[in-house]
Amino acid sequence: MSSPSTRHGTVPAGPADPVDVPGTGTAVLEIRDLAVHYGGVKAVDGITMTLAEGGISGIIGPNGSGKSTLVAALTRLTRLTRGELTVGGTRYERVRPGRVPGLGIARTFQTVRLLGDLSVAANVQLGYDARSRAERRAPLRGLPGPVAEALERTGLTDVARARPSELSYGTQRRVEIARAIVMDPRLLLLDEPTAGMNAAERVEISALMRQLRSEGLSQLLIEHDVQMMLDTCDHLFAMAQGRLLTEGRPADVVADPRVQEAYLGKGWKADAADQ
Amino acid sequence: MSAFYASNLVLVQATLVAILLALSIQVPLRLGVFSLAGVGSYGIGAYVSANLVLREEMGAVPTMLVSGLVAAAVGLVLGVVIYRLAGLYLAMATIAFDLTVGVVALNGGEWTGGPVGLFGVFADLTMGLLFGTVVLVLVLVHLTEVGRLARRITTVREDPELAASMGVNVRAYRLTAFVVSGFLGGLAGCLNTLTRSAVGLQDVSFHLVVVALTTIIVGGALSWRGAVIGAVLFTWLPSVLEVVGEWQEFVYGLIVVLAAIFLPTGLYGLWCSARRRVVERFRPPVRPRRPDEPDVPAATVAPEHEVAAR
């Protein structure tokens with residue numbers, strides 16, 4: 001496969017096997033001693049992570065372990081208590097939230113956040129609007145090419161003119177993913193992207209993520225579906241009570257006794273973990 | 001037609017001024033900023049313009065610009081001070097600002113004329129200039145209701161956190177709302193003074209808050225068309241209601257109450273809903289592609305794809 005070109009430069013083609021080759025080896029995002037405290041509640045407390053460029057990293061952990069707070073901190077939507085954030089070599093822990101997309105970070109939310117008054121296409125176009133003026137090409141008629149492409153890739157072309165309220169929950173989540181993809185990010189943060197989807201839709205989203213990885217897009221995935229994390233991620237982090245429990249190859253992480261005790265339950269096994 | 005126009009010239013002028021006043025409340029509302037400061041700006045514009053004409057003998061156009069800019073500057077300062085407020089608290093703070101302007105007008109000495117006001121404010125304002133100004137403002141507001149800017153404004157109003165994630169500087173948008181509201185309010189106040197050649201405490205009264213708010217609630221809060229509909233309705237309604245004599249106030253109030261209950265999106269919203277129902281009736285049923293279905297070619301999507309229901 002040829003190396004696709006994005007606004008962040010030409011990136012090497014990603015791995016074919018999600019487990020064997022975790023990204024390109026260089027870091028797309030570095031998190032150093034990140035903490036988010038709300039009064040006495042330490043939602044995130046001293047997290048240090050490095051996400052590999054071109055790979056899919058995942059975070060698992062029980063509810064309240066700080067996963068979504070971490071994503072909010074990475075997108076500057078919550079105030080940091082301390083810590084350093086570096087994306088593509090640029091420190092950004094002090095920038096305002098509106099500048100984060102310009103650094104190449106896009107996200108989806110844990111709950112569907114679409115604008116009900118806008119059509120599916122217009123919701124996706126919000127992501128395209130976030131691109132700089134030089135990167136936008138608005139045709140006189142119809143949708144910009146990247147918007148139509150994002151709709152097509154997520155199987156939404158047929159419902160482009162519908163309103164979100166006319167769609168199933170799973171389809172609405174796909175609109176969110178399309179909106180994030182069309183921003184042409186260097187790092188995509190997906191906060192439980194398959195919540196509310198049926199099995200077939202989950203398989204489709206997982207395949208889409210792997211396809212995006214093959215095009216060089218780095219991704220950070222938060223999910224409770226551990227089997228999907230095993231099937232999709234190159235590298236896995238496990239969190240509990242705002243702290244990092246462990247990290248490593250997905251199969252190794254889910255086999256870790258600390259992870260099983262804090263999240264999965266003792267004796268938890270998965271098909272992939274057995275391999 | 002010309003006889004009708006000549007006999008109703010005052011109402012025509014009042015309608016044009018009412019459109020600008022309604023827009024000064026509507027523009028921040030479209031950004032999710034529940035600010036009623038446009039009425040205070042209206043008072044500032046009214047008194048500033050009177051002083052500019054009476055003391056500096058300034059012409060209509062520079063008077064309009066200076067009045068609008070002064071009110072916009074005050075709006076910016078107000079916005080910076082109360083930026084963190086939202087919802088009813090913000091509305092209360094801006095009403096307090098409106099009342100403060102009224103107190104200043106009452107105690108402003110020779111600058112405001114106190115309870116008597118200022119009279120004899122004659123400038124070279126023509127109907128063409130008045131009409132052209134309002135049309136220009138409407139065109140500019142219309143440009144914020146289409147395309148990329150409209151989508152971003154909608155996002156700031158509906159979900160500020162999402163807007164930030166889409167690269168929108170939410171703070172800048174909201175502060176701009178205060179500035180634009182101030183300019184439009186100041187311009188409306190100025191034009192009111194120049195058309196009536198007088199300014200008094202009635203131009204900074206709480207009654208104006210009620211009038212401006214009901215104008216956009218009944219007309220429609222999310223488009224300039226709603227402001228125009230509401231301004232025409234409430235400027236001309238009192239003269240129409242003369243036939244009911246002393247029941248005029250009652251009928252006026254009844255219309256406002258009924259509109260608030262049965263037309264939550266205003267008259268323009270009612271039109272948009274009806275149009276949308278017709279479009280959806282003739283549109284094929286929505287069915288997303290299933291994962292196991294073959295890929296379908298990208299369809300050409302008509303420009304109407306982004307039309308929002310208002």
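The values are calculated or read from the model by the stated rules, or taken from the named source; none is laboratory data. Small disclaimer: the values here were computed from a predicted structure and weren't measured. Positions of Cβ are backbone-derived with ideal geometry, glycine not excepted, and every protein chain shown enters the neighbour counts.
All conditions in (1) surrounded by 19 or more Cβ atoms within 10 Å (Cβ to Cβ); (2) free of Cβ contacts under 8 Å to residues at least 40 places away in the same chain; (3) not assigned by TED's automatic domain parsing to the domain that holds residue A:213 hold for residue A:100, with the sole exception of (3). Residue A:71 - would you say it is of a type in the set (A, V, I, L, M, F, W, C), more than 23 Å from residue A:223 (Cα to Cα) and within 14 Å of another protein chain (Cβ to nearest Cβ)? Here the answer is no, as residue A:71 does not meet what is asked. Going through (1) out of contact with any Leu (no Cβ under 7 Å at 6 or more places or on another chain); (2) surrounded by 13 or more Cβ atoms within 10 Å (Cβ to Cβ); (3) modelled with pLDDT of 95 or more one by one, residue B:108 falls short only on (3).
Suppose we filter segment B:154-177 for residues that are away from chain A (no Cβ under 11 Å) and either out of contact with any Pro (no Cβ under 7 Å at 6 or more places or on another chain) or on the phi > 0 side of the Ramachandran plot (or both); how many remain? Spell out how you get there, then give the answer.
Keep residues of segment B:154-177 that are away from chain A (no Cβ under 11 Å), which gives B:174-177.
Retained after the next criterion (residues that are either out of contact with any Pro (no Cβ under 7 Å at 6 or more places or on another chain) or on the phi > 0 side of the Ramachandran plot (or both)): B:174-176.
The total comes to 3.
Just for segment A:164-178: of the residues that are at the interface with chain B (Cβ under 8 Å from one of its Cβ atoms) and under 16 Å from residue A:118 (Cβ atoms), which one is nearest to the chain's Cα centre (by Cα)?
So in segment A:164-178, the residues at the interface with chain B (Cβ under 8 Å from one of its Cβ atoms) come out as A:166-168, A:171, A:174.
Pick out the ones that are also under 16 Å from residue A:118 (Cβ atoms) and you get A:166-167, A:171, A:174.
Working: A:166: 25, A:167: 22, A:171: 17, A:174: 13 Å.
The selected residue is A:174.
The set of residues in segment A:238-256 being in a loop (DSSP other than H, G, I, E, B) and under 11 Å from residue A:66 (Cα atoms) consists of A:241, A:242.
For segment A:97-121, give me each residue that is at the interface with chain B (Cβ under 7 Å from one of its Cβ atoms) and either more than 19 Å from the chain's Cα centre (by Cα) or within 21 Å of residue B:147 (Cα to Cα) (or both). Of everything in segment A:97-121, those that are at the interface with chain B (Cβ under 7 Å from one of its Cβ atoms) and either more than 19 Å from the chain's Cα centre (by Cα) or within 21 Å of residue B:147 (Cα to Cα) (or both) turn out to be A:98, A:101, A:102, A:113, A:115, A:117, A:118, A:119, A:121.
Within segment A:185-237, the set of residues being within 14 Å of chain B (Cβ to nearest Cβ), among the hydrophobic types (A, V, I, L, M, F, W, C) and assigned to a strand (DSSP E or B) comprises A:187, A:188, A:189, A:190.
Note down all Cβ pairs under 7 Å where the first residue falls in segment A:41-69 and is under 22 Å from residue A:87 (Cα atoms), the second is among the hydroxyl-bearing types (Ser, Thr, Tyr) and in a strand (DSSP E or B), and they're at least six residues apart or on different chains. Close Cβ pairs satisfying both conditions: A:51/A:57; A:51/A:218; A:53/A:218; A:54/A:218; A:55/A:218. I'd like to check something: does segment B:104-127 contain any residue that is within 14 Å of chain A (Cβ to nearest Cβ), part of a helix (DSSP H, G or I) and at negative phi? No; the residues of segment B:104-127 include none that is within 14 Å of chain A (Cβ to nearest Cβ), part of a helix (DSSP H, G or I) and at negative phi.
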